[in-house]
Amino acid sequence: MMRRYALFMAFFFLLFATGCLPDKAKLDAEKWNINLENTDKRPYGTYLANQSLKYFFPDAKIEILSRGFKYDNIDDRMRDHSNGKSLLILEGLSFNVSLREWDALKNFAGDGNELVIFCSSIDNKVSEELNITKSYSGDESSHFYFHDSDFDYTQALVIAGNETKKFGYHGRMIEGFFSFKSDEDYLNAKAFDNDHSGGTLSAEDSIIPARPDTLGYSYRRPNFVRYTVGAGHICFHAAPLALSNYFLLQDGNQEYLSLLWQTLPADIAKVYWQDYLYRDTDASSMDILWRHPATRFALVLAIFALAVYVLFESKRKQRIIPIVAPLKNDSVSFVETVGRLYYNKGNNANLAEKMTLQFLEWVRSHYFLNTNLINEHFIKQLTIKSGLPEATVRGLVEMINEIRMGNIKVDDAYLYQLYYTIQQFYKNNIT
């Protein structure tokens, strides 16, 4: 027993020394990782915020979009607001989109719907078009990080119109904010771009205004802004961690979420939610190939050809089984050929000797009998093996002895009798 205990302790110590035991610091780090998944109940998941949607929008149909959802796949069903407006909530850190996706999002809002984007950094093309710059992303975009309660952001967030109520926590950074160029600088920049591209500044360039409405602040700087696009709006929020479980579990912060959603229209009929964390553009996806008609047609044709091939080649095929002719006993044919040669030359004695040698070889290979001594015992064994009458066997043995001794004249009749008797053995072979 003591020996087993000593071995166990030695093994335990070896695991500890080689780092195989769970690292508490590592587990703590993973616990405080930013994930923002709507099903994640860890501190920086968004389970609570997602589940609260049914309470803030009780009459709306709620649908979760996958992280791989492409915004250019927004269809008429999502844009339709005959029964009320649609709300699309995008929650993550790095917000990057392709030109097609950005156009689809603008069309979604322009049809009279609401788009709210929580992000710590904005795609450059979007930033330039909206004349908006995101400042302070820092720690909130770090994927592996230890929670540190020394960071005090307890009064970082405010909703416009409720400046006396401040919200926050001890945790990761949530003081990000937006800055803008002046209207004059923005329009001059647009005019400069058009002048150098051979165009002129048109009314279409000002569909999205240079300065948005401010709906919320972070330390008196705008962190929640709203752009009017057609009949709808596009909102940006600079603190995506305001939807995290950890933030909402702090006293009073549930009210912040309530005030945030109250800035939206009351007639929300459908709510779509997507958490994306770090989002890439379509430059690394198949969408860039699907964009052009030529490559799109080639892909469709290749997929169709592959489907047809799999459909027809998946059937089981049986190759034709060739008919194989049975093997011929070439040795017997050879002996018969040689026998005809000797017979034609009239050398009956030599032919008879060859026939007996061939027969004895055949007896050895088929009946496994010893042919060195052809005596009474051999006659009985050959009779049993061949199944022929003993008289036939004895007669053939006597002829073989006569041919061996050479004391008989082998004429055609004798040769025929020898051949006929041997053929009875070949034909009656039962082994």
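The values are calculated or read from the model by the stated rules, or taken from the named source; none is laboratory data. This structure is a prediction, so every number in the text was calculated from the model and none was measured. Here the Cβ is made from the backbone with ideal geometry for all residues, glycine too, and neighbour counts use every protein chain on show.
All of Asn375, Asn370, Asn407 fail the test of being of a type outside the set (Ser, Thr, Tyr) and at pLDDT below 85, apart from Asn407. Just one of the listed residues (Ser121, Ser98) is among the hydroxyl-bearing types (Ser, Thr, Tyr) and in contact (Cβ under 8 Å) with a residue 60 or more places away in the chain, namely Ser98. Please find, within the range 374-388, the residue that is surrounded by the fewest Cβ atoms within 10 Å (Cβ to Cβ) out of those that are in a loop (DSSP other than H, G, I, E, B) and touching a residue at least 12 places away in the same chain (Cβ under 8 Å). Filtering first and then ranking leaves Gly387.
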